[in-house]
Structure formats: structure tokens, C-alpha cells
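Read the structure below first, then the notes.
Computed from the coordinates by the stated procedures, all read-outs in this text should not be read as laboratory data. Predicted model, so just to flag it, every value in this text is computed and none were measured. Note that we place each Cβ from the backbone using ideal geometry, even for glycine, and neighbour counts take in every protein chain shown.
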Amino acid sequence: MGAVTLLTARGIVSAIDMRMTRLRTALLVLAGILVIVPSAHAQRGKKPSARVQRNSRPLELRGSKESVEKMYDFAQSNHLPFYLSPTNVSDAVAQQKLVPLTGDATYELTRGVGYSYATPEARQFVQAFAPQYLAVCGTPLTVTSAARPVTRQPRNANPHSVHPTGIAVDLRRPAAGPCLTWVRSALAELENKGIIEATEERRPVHLHIAVLVRPGEPVVLPQMVPAMTAARSALSVMNSTR
């Protein structure tokens, strides 16, 4: 009888130990969940890192050696001169091979633009793209650079840069938001159509555009402004003229 009682007691103790072990395991799991959940919420509330933001650029705008060579090859195959000096640029302007970028209600130039000239095709692009930019972004497009003679290129310029030909313009990149999202999408679309080759540069931050339309051919851009935005823009213009 004593042996039976002893065995029963041991069984009870063993069962209690097993239940306590299970309880401790459950509490540890619960504690882990309580730690993970707030952490997940905190991560969800964080802003994306700079690397994530950079990767939001379309592949077409990320730049590459192939992109640089594509622009350079276009200039070479169309026999576009690479103007060496300011005197060469002045001569090209006199011969109307380069035309002035004067700005208007839809686009403007920064004071840092040393040579406000471009090929007729590059100017057509700016004049066609700027109204759509204004309709979406509500502010004029800003040109930060255009034709640059070889002797006035910055130190970090690529040896195959096409700025000395006048087919390239640099544009100010808008701040993050709906405007930048539209600009990236629009430039990627134009690049896919073969009208331009575009790169979103980081040092310094700007948008580099080379217009790949053959000399003498018109630059025709598709309508890229969303219908609702276009309607609001038209209404705004009508109200301002009353």
C-alpha cells in the first residue's frame, strides 16, 4: 500500500512538472510575440531607406555604360560635332546649328546655365515636354544645363558625354512626390519609344536627357498627362484669363 502511494505521488509530481514546462514554453512564446509585434509596427512606420528610394527609379533611368555609349554612338552616327571651345559654340549659334533656350511660361533656366543653347531637336523636346510637366507638377520645368564645350565640361564628366554636341539638357529633379513619380514614368516611356535616353544622376542630383531624334526631324511627344489632371489644368488656365 505504501509503495502504491509512493508511485501515485511520483506520477502527480511528474504530471505537474510537465504542465509547468508547457506553461513556461507558452509564456516564452507569448513574450516573443509581444516583442515582435511592436517591432513590426515600428518597421511599418519607418520611412524607406535611401537605397529603397533610389531603387524606385525605373530601370531605364538608372544609367549604365551602355546608356552612355548609346548617346555617344547616336552623335557619332549622325555626324554631330563636339564643340571644343566657347568660340566654336558661338560659331554654331551663328550658323543656327545651335539655337537659344530662352524660357517661357512653361520652362525656365537657372543662372548656372553657362551656355543656354541646344540643337533645334533638343529645344523642341524641352518646349514639348515643359507644358505637360507644368500641367502635372504645377510649376515650370527647370533647365540646369544644356550645350557645353569640351573645355568647359566639369571634372567628373564622362569622356563620351554628349553635352558638347548640344543634344543633351539637364533638368532639375523635383522633390519626392506625385510630380517625381510622373516625371520618372514619362521619361521611361519616352526612352522606350526611342525619343530620348535619360539618366537620373546622383552627383549632383539632376535628370540628364539626350534627345535621340535625327537632325531635321520633328520631335513629337505623346500625351502623357492624366485626363483628370489635364482637365484641371485647362480649367485653371480658363479661370486665370477671365
- Considering the convex hull of the alpha carbon atoms of the stretch 51-240, report its projected area averaged over all viewing directions, in nm², one decimal. 11.2 nm²
- Note on the structure: Most exposed first, judged by fewest Cβ atoms within 10 angstrom, 69, 217, 108, 191 run 217, 69, 108, 191
